[in-house]
Amino acid sequence: MAIFRAVLVVVFFVAACAPAPEPVGAPAEDGSIPENESISVNDTGHAALARLDPALLAAVREAAVAAQASRGVELKVTSGWRSAEYQQRLFDQAVERYGSEKEARRWVQPPDKSKHVTGQAVDVGPTNAADFLIQHGADYGLCQAYANEMWHFELLTSRGGECPQPVGDPAG
Ligand SMILES: [Zn+2]
């Protein structure tokens, strides 16, 4: 009986220590990719890629092949399409982190302004992959949109065209 009670105590302890459940909304459905994680450009079943503008997705996948072939760099996606709810969550977190909406908007847009919500923006990593896109992205129409976000790319020119100068930050 004592052993049974001890087991019960252990079970309760483990249950109490279990990590909190994931936030509401399955990650794959709202496009969320946990911070410091990334997905392959071939993971096209993930909502972050499945709901991107198809032309943007095609450009990113082609650029990833080129990055691998020419530099041995694996270009991964750290963020793509985001649901409006997910974007709002990120914005709320940024307001908390930076202390004001004005400051937060330098880094994260509210849902009605974000190109991620419309499927027209992609964040890439690691740094050497972002470097590759800064140098060669224009071959695929991919341009760095914001000077302070070297990882954020949008289709801002035609293939082989010239990228516009990145603007200072998302608020600018
Ligand atoms: Zn972005």
Subject >> Residue-by-residue Karplus 3J(HN,Hα) for segment 29-42, coefficients 6.51, -1.76, 1.60, Hz, glycine and proline x >> reply: 8, 9, x, 6, 10, x, 4, 6, 10, 8, 10, 6, 5, 8
**OP:** Scan around K76 for amide H atoms under 5 Å from its own, H built in the peptide plane at 1.01 Å from N, and keep only partners 5 or more places away or cross-chain.
**Re:** G125
**OP:** Give me the accessible area of T118, 1.4 Å probe, in Å² rounded to the nearest 10.
**Re:** 80 Å²
Original post:
Given just the C-alpha atoms of segment 30-155, how large is their convex hull per residue in cubic angstrom?
Top reply: 91 Å³
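When only the heavy atoms of the protein chains count and the probe is 1.4 Å, how do L133, L155 rank by accessible area, highest first? Could you put the intermediate results ahead of the total?
On the way: L133 0, L155 60 Å².
So, going from the largest accessible area down, we get L155, L133.
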Subject >> Where GluC sites (Glu not before Pro) fall in DSSP loop in segment 65-172, at most 10 other Cβ within 10 Å >> reply: E162
Original post:
Around Q88, what is the net charge, scoring Lys/Arg as +1 and Asp/Glu as -1 over all other residues with Cβ under 14 Å from its Cβ?
Top reply: -2
Original post:
Could you sort H136, H46, H116 by accessible area so the largest value comes first, with the probe set to 1.4 Å?
Top reply: H136, H46, H116
Original post:
What number comes out for the charge environment of T78, summing +1 per Lys or Arg and -1 per Asp or Glu over other residues with Cβ under 9 Å away?
Top reply: -2
Subject >> Solvent-accessible area of F91 with every protein chain in place, 1.4 Å probe, in Å² to the nearest 10 >> reply: 10 Å²
**OP:** Determine how large the accessible area of S158 is when every protein chain is in place; take a 1.4 Å probe and give Å² rounded to the nearest 10.
**Re:** 80 Å²
**OP:** Extending each Cα 7 Å along its Cβ direction at T44 and E103, get the distance between those two points in nm, one decimal.
**Re:** 4.3 nm
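The values are calculated or read from the model by the stated rules, or taken from the named source; none is laboratory data. Here the structure is a predicted model, which is why all the values come from computation and not from measurement. Cβ atoms come from the backbone with ideal geometry, glycine included; neighbour counts cover every protein chain shown. Side chains are part of the model used for accessible areas, which takes the heavy atoms of the whole protein and leaves out ligands, DNA and RNA. Shrake-Rupley method; radii C 1.70, N 1.55, O 1.52, S 1.80 Å.
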